[in-house]
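Worksheet for the structure shown next.
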Amino acid sequence: MSSEIKVLYITNHSEQTIKSKPDNFAYYVKSMMSNKHIDLCLLKPSSFAERRGISNTISIVKAIRRINPDILYLGNLTGLNKLVFFKRIGLLRCKIVVWKYTYCKEYKNPLKDWITKFFYWKGIDRIYMMFDNHTSHAISHHIVDEHQIVTLSRGAEVEWYSRYLQLQKDSFLVMATGKDSRDYKTLSEACEQTGTDCVIITRRHESNVKVAESYKNSRYVKFIFMEDLNIANEYEYIMEQQGKASVLAIPCEKRKYGVGYTNVVEAMPYYIPILMTHNPDIHVDLEKEGIGYLIEPYDVESWKEKIGYLKTHPEVVEAMSINVRKMVKGEYNAQTTSAFIINDFIRLTAK
């Protein structure tokens with residue numbers, strides 16, 4: 001076997017974009033680009049966009065076969081799950097490694113369930129799950145074998161975010177930066193009623209626009225819609241603004257899967273407390289780790305209580321900051337995560 005492992009990563013981001021962002025942004029591909037064991041290739045699926053349906057997938061399969069990678073690495077399966085079937089029928093011979101945010105599905109239709117469990121999932125060599133509950137469910141329900149799956153913490157590239165870190169805050173500011181499945185109504189009510197400055201950076205989803213309209217004259221709550229800014233480096237803008245926050249809020253709608261985890265990862269390099277809607281599928285237990293609080297869905301009074309408590313107890317904020325620092329020096333550091341993945345690739349291709 002060659003000393004280098006050829007890894008193909010499917011993404012619409014350019015090499016330049018990936019290198020300009022933190023390692024956690026593109027699933028640690030940035031580290032792979034400079035690793036002596038990895039020969040990394042990028043494939044842009046949008047370059048086949050003129051083709052539709054199965055012809056689009058076949059074009060991607062042909063491109064993968066030309067590149068002939070040892071590992072096909074996917075940030076997620078959205079729009080790419082058909083590639084697994086092509087592997088199962090022998091048209092792709094590479095290992096497939098994917099990240100997954102949600103539960104592995106089961107189906108009431110016996111035939112569909114059997115095909116999914118005993119044909120589809122067997123075509124994936126490694127699944128990096130975001131949440132322990134999802135991993136245990138997949139194993140206990142015999143969807144995948146234990147050797148196929150692992151819960152992997154997403155560490156942040158702390159050094160990248162340090163340029164935006166503001167240790168001295170002008171005032172107490174709550175910030176929220178997510179866009180999907182967000183409950184900004186509850187957060188806005190809590191901040192309005194406690195007289196707390198709150199900045200919400202999001203996109204124009206119908207529910208977000210509706211809440212923003214309700215608080216357009218608020219002294220405390222401010223919505224910023226990314227579509228209105230017309231800027232090129234949206235990610236950098238959001239991360240720069242986040243540096244001003246005293247607390248990061250992740251208020252979520254009630255969902256049957258984990259939401260908001262990316263926001264947790266991106267909050268850690270700022271060493272600030274995190275307030276988050278409680279969900280049993282959350283990978284990081286904020287309260288157990290001593291870095292924030294979990295609040296039951298739609299509980300305005302609890303949001304008010306926790307915001308008020310952190311505003312008036314700077315010693316608690318400092319203690320949480322110290323705990324976050326400990327976490328990002330270990331398991332939640334991008335170097336830790338990328339090293340695990342690269343070593344895992346070596347193990348997979350040695351078989």
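Please verify whether Ile96 is buried (at least 19 other Cβ atoms within 10 Å of the Cβ), touching a residue at least 12 places away in the same chain (Cβ under 8 Å), under 24 Å from Arg154 (Cβ atoms) and not polar (S, T, N, Q), treating the condition exactly as stated. Judged against the criteria, Ile96 is a match. If you take the residues in the stretch 116-132 that are out of contact with any Gly (no Cβ under 8 Å at 6 or more places or on another chain) and in contact (Cβ under 8 Å) with a residue 60 or more places away in the chain, which one is farthest from Asn81 (Cα to Cα)? Once the filter is applied, the top-ranked residue is Asp132. Pairs under 8 Å by beta carbon, first residue farther than 18 Å from Phe172 by Cα and free of Cβ contacts under 8 Å to residues at least 24 places away in the same chain in the stretch 242-270, partner in a strand (DSSP E or B) and among the β-branched types (Val, Ile, Thr), six or more apart or different chains? Final answer for the pair search is Val264/Ile250; Val264/Ile274.
Residue-by-condition table, conditions (1) over 25 Å from Ile342 (Cβ atoms); (2) of a type outside the set (S, T, N, Q); (3) in contact with a strand residue (DSSP E or B) (Cβ under 7 Å, 6 or more places away or on another chain):
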| residue | (1), (2), (3) |
| --- | --- |
| Asn12 | no, no, no |
| Ala26 | no, yes, no |
| Leu42 | no, yes, yes |
| Ala63 | no, yes, yes |
| Lys82 | yes, yes, no |
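The single condition among (1) surrounded by 14 or more Cβ atoms within 10 Å (Cβ to Cβ); (2) in contact (Cβ under 8 Å) with a residue 12 or more places away in the chain that Asp113 does not meet is (2). Residues in the stretch 230-258 that are out of contact with any Lys or Arg (no Cβ under 7 Å at 6 or more places or on another chain) and open to solvent by less than 20 Å² (accessible area, probe 1.4 Å): Met239, Gln242, Gly243, Ala245, Val247, Leu248, Ala249, Ile250, Gly258.
Which residue is least open to solvent (accessible area, probe 1.4 Å), if the candidates are limited to the stretch 1-22 and must be in contact with a Ser or Thr (Cβ under 8 Å, 6 or more places away or on another chain) and without any contact (Cβ under 8 Å) to a residue 40 or more places away in the chain? This residue is Ile18. Looking at the stretch 178-186, is at least one residue in contact with a helix residue (DSSP H, G or I) (Cβ under 6 Å, 6 or more places away or on another chain), at pLDDT below 95, open to solvent by less than 30 Å² (accessible area, probe 1.4 Å) and under 19 Å from Lys254 (Cα atoms)? Within the stretch 178-186 (the criterion being in contact with a helix residue (DSSP H, G or I) (Cβ under 6 Å, 6 or more places away or on another chain), at pLDDT below 95, open to solvent by less than 30 Å² (accessible area, probe 1.4 Å) and under 19 Å from Lys254 (Cα atoms)), the answer is yes, since at least one residue qualifies. For the stretch 285-307, the condition holds for at least one residue, the condition being that it is open to solvent by less than 10 Å² (accessible area, probe 1.4 Å) and out of contact with any Ser or Thr (no Cβ under 9 Å at 6 or more places or on another chain). With respect to (1) touching a helix residue (DSSP H, G or I) at 6+ places or on another chain (Cβ under 6 Å); (2) surrounded by 20 or more Cβ atoms within 10 Å (Cβ to Cβ), the lone exception for Tyr261 is condition (1).
Per-residue answers, yes or no, for (1) surrounded by 14 or more Cβ atoms within 10 Å (Cβ to Cβ); (2) in a helix (DSSP H, G or I); (3) polar (S, T, N, Q):
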| residue | (1), (2), (3) |
| --- | --- |
| Met32 | yes, yes, no |
| Asp39 | yes, no, no |
| Ser47 | no, yes, yes |
| Ser59 | yes, yes, yes |
| Ala63 | yes, yes, no |
| Pro69 | yes, no, no |
| Leu72 | yes, no, no |
| Gly79 | no, no, no |
| Val84 | yes, yes, no |
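Rundown of residues vs (1) within 28 Å of Ser321 (Cβ to Cβ); (2) touching a Cys at 6+ places or on another chain (Cβ under 6 Å); (3) among the charged types (D, E, K, R), yes/no style:
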position	(1), (2), (3)
Asp180	yes, no, yes
Glu206	no, no, yes
Phe225	no, no, no
Lys254	no, no, yes
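The single condition among (1) out of contact with any strand residue (DSSP E or B) (no Cβ under 6 Å at 6 or more places or on another chain); (2) open to solvent by 10 Å² or more (accessible area, probe 1.4 Å); (3) modelled with pLDDT under 95; (4) within 23 Å of Asn343 (Cβ to Cβ) that Met130 does not meet is (2). Select from the stretch 323-346 the residues that are hydroxyl-bearing (Ser, Thr, Tyr) and assigned to a helix (DSSP H, G or I) and list them in ascending order. Result: Thr336, Thr337, Ser338. The single condition from (1) of a type in the set (Val, Ile, Thr); (2) without any contact (Cβ under 8 Å) to a residue 60 or more places away in the chain; (3) closer than 25 Å to His278 by Cβ that Ile224 fails is (3).
The values are calculated or read from the model by the stated rules, or taken from the named source; none is laboratory data. Note that the coordinates shown come from a computational prediction; the quantities given were computed from them, not determined experimentally. In this analysis, Cβ positions are derived from the backbone assuming ideal geometry, glycine residues included, and neighbour counts consider all displayed protein chains. Heads up: the accessible areas ignore ligands, DNA and RNA and are worked out on the full protein's heavy atoms, side chains in. Shrake-Rupley method; radii C 1.70, N 1.55, O 1.52, S 1.80 Å.
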